[in-house]
Amino acid sequence: MAVLVGSPGAGKTTVGALLAARLGVTLRDTDADVEAALGMSVSDVFIEQGEDAFRAAERDAVEAALAGHPGVLALGGGAVLAERTRAALAGHTVVYLDVDLADAAKRVGLARDRPLLVEAPRTRLAVLLRERKPLYEQVATIVVETAGRGPDEIVDEILAKLPTGGAE
């Protein structure tokens with residue numbers, strides 16, 4: 001299994017889908033798991049239940065996925081904020097997709113579906129990148145710079161760095 005982490009706009013879902021296809025496995029996205037468990041979008045969870053409720057559901061989703069998903073796993077950008085999640089990632093192949101502000105801002109656009117980026121998205125994104133980078137680096141076993149690179153090139157690098165073709 002390979003677990004993808006990184007900020008909003010890093011390309012976790014796009015790269016994850018391509019990586020999973022190339023490995024012949026499935027992609028699982030913990031944000032989608034949270035939405036299925038709570039019956040509403042991530043944005044609606046933030047609005048109706050608050051960030052704490054989302055983060056609790058996210059921690060549970062990550063732990064369940066780590067325990068039971070044999071393919072590629074994409075974590076939400078803030079999943080690494082929880083110490084419990086960082087501890088659960090130990091022993092897994094964790095790929096940090098390191099994106100710069102310019103590329104991340106282009107990819108998230110106006111961030112209508114990203115609750116933490118609704119107000120002043122570029123400024124907030126810069127803060128998130130700066131605050132979370134040490135946490136992404138802490139859990140990463142592989143770091144891939146994504147600036148100015150397409151998904152295929154990023155996946156090629158991940159595949160070259162995966163131990164035994166992605167097996168744990």
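Numbers at a glance
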read-out	value
Cβ-Cβ under 8 Å pairs, at least 6 apart or on other chains, segment 55-79 side more than 25 Å from Lys133 (Cβ to Cβ), far side among the basic types (Lys, Arg)	His69/Arg28; Gly71/Arg28
Test: Asp98 is modelled with pLDDT under 95 and charged (D, E, K, R)	yes
Filter result for Asp156 (open to solvent by 70 Å² or more (accessible area, probe 1.4 Å), more than 17 Å from the chain's Cα centre (by Cα) and in contact (Cβ under 8 Å) with a residue 60 or more places away in the chain)	no
Residue tally, condition within 15 Å of Val34 (Cα to Cα) and open to solvent by less than 10 Å² (accessible area, probe 1.4 Å), over segment 66-76	4
Qualifying residues in segment 30-44 (those that are touching a residue at least 24 places away in the same chain (Cβ under 8 Å) and part of a helix (DSSP H, G or I)) - the one nearest to Leu66 (Cα to Cα)	Thr30
Qualifying position, being within 16 Å of Val155 (Cα to Cα), of a type outside the set (Lys, Arg) and open to solvent by less than 20 Å² (accessible area, probe 1.4 Å), among Leu19, Leu89	Leu19
Count - residues of segment 71-81 that are at pLDDT 95 or above and outside any helix (DSSP H, G or I)	5
Lone qualifier among Asp52, Asp44, Asp29, Asp33 - being closer than 20 Å to Thr141 by Cα and open to solvent by 30 Å² or more (accessible area, probe 1.4 Å)	Asp29
Selection from segment 82-91 of residues that are touching a residue at least 24 places away in the same chain (Cβ under 8 Å) and assigned to a helix (DSSP H, G or I)	Arg84, Thr85, Arg86, Ala88, Leu89
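The values are calculated or read from the model by the stated rules, or taken from the named source; none is laboratory data. On a predicted model such as this, the values are computed, not experimentally measured, just so you know. So basically every Cβ, Gly included, is an ideal-geometry build from the backbone, and we count neighbours across all protein chains shown. Only protein heavy atoms, including side chains, enter the accessible area calculation; ligands, DNA and RNA are left aside. Shrake-Rupley method; radii C 1.70, N 1.55, O 1.52, S 1.80 Å.
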